[in-house]
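The values are calculated or read from the model by the stated rules, or taken from the named source; none is laboratory data. The structure displayed is predicted, hence computed values, not measured ones. Cβ sites come from the backbone with ideal geometry, for glycine too, and all protein chains shown count toward neighbours. Keep in mind that these areas ignore ligands, DNA and RNA; they rest on the heavy atoms of the full protein, side chains included. Shrake-Rupley method; radii C 1.70, N 1.55, O 1.52, S 1.80 Å.
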Amino acid sequence: GAEAVAASDAPLDVIDASGTGISSRGAIALIGGGAASIFINDNAFGDDGVTAIAECIEAPFLADVDLRKPPPDESNLRTLGISKTGMTDTGAIALAAALARSAVETVEVGGNKIGDAGARALRAAEADRAARPAPGLDVAMLDDRRPQNN
């Protein structure tokens with residue numbers, strides 16, 4: 001499965017596992033495999049799965065269970081499609097915290113049940129990254145939600 005793809009010596013730039021029923025553990029294995037773009041849309045991760053994936057994005061070397069290899073200096077992951085995965089505010093907040101400290105430049109989150117708190121967290125991660133000299137962050141498909149200032 002996903003672990004075999006991630007462990008392959010063949011360089012993979014884009015992996016699309018959308019709608020495959022992949023587990024969050026399988027998604028984490030794909031992320032640890034070094035692809036630049038991974039699409040795991042239309043899989044039922046829910047907030048627990050999204051939170052586990054977020055932890056991997058923040059520290060991708062933790063997904064590499066082969067301790068015989070040194071951890072990568074940084075992740076190759078630049079684009080993550082995580083739309084329609086059952087994410088709510090809880091998962092979006094965890095994802096936002098990880099994105100603020102990751103190398104991911106574009107994340108697609110449409111089709112989830114993200115409320116104002118999750119949207120605010122994702123937009124704050126975008127703003128935080130925009131303030132740095134490193135590449136910015138684009139949170140795409142947030143259904144053009146602009147949270148209300150309360």
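In the set (1) modelled with pLDDT under 90; (2) touching a strand residue (DSSP E or B) at 6+ places or on another chain (Cβ under 7 Å); (3) open to solvent by 40 Å² or more (accessible area, probe 1.4 Å), Ala140 fails one condition alone, (3).
For the stretch 31-51, which residues satisfy the criterion of being touching a helix residue (DSSP H, G or I) at 6+ places or on another chain (Cβ under 8 Å) and under 20 Å from Ala96 (Cα atoms)? Scanning the stretch 31-51 gives Ile31, Gly32, Ile38, Ile40, Asn43, Phe45, Gly46, Asp47, Asp48, Gly49, Val50, Thr51. Of the residues examined, Ala2 is not one that is touching an Asp or Glu at 6+ places or on another chain (Cβ under 8 Å), open to solvent by less than 30 Å² (accessible area, probe 1.4 Å), over 29 Å from Ala131 (Cβ atoms) and modelled with pLDDT under 90.
Taking the criterion of being touching a residue at least 40 places away in the same chain (Cβ under 8 Å) and more than 17 Å from Met87 (Cβ to Cβ), the residues of the stretch 17-48 that qualify are Gly34, Ala35, Ala36, Ser37. Take the residues in the stretch 90-115 that are open to solvent by 60 Å² or more (accessible area, probe 1.4 Å) and at pLDDT 90 or above, then tell me which one is farthest from Ser75 (Cα to Cα). So, considering only residues that are open to solvent by 60 Å² or more (accessible area, probe 1.4 Å) and at pLDDT 90 or above, the one farthest from Ser75 (Cα to Cα) is Lys113. Annotation: of all residues in the stretch 124-137 being part of a helix (DSSP H, G or I) and open to solvent by less than 40 Å² (accessible area, probe 1.4 Å), the one that is nearest to Cys56 (Cα to Cα) is Ala125. For the stretch 11-68, residues that are open to solvent by 70 Å² or more (accessible area, probe 1.4 Å), assigned to a loop (DSSP other than H, G, I, E, B) and at pLDDT below 95 total 6.
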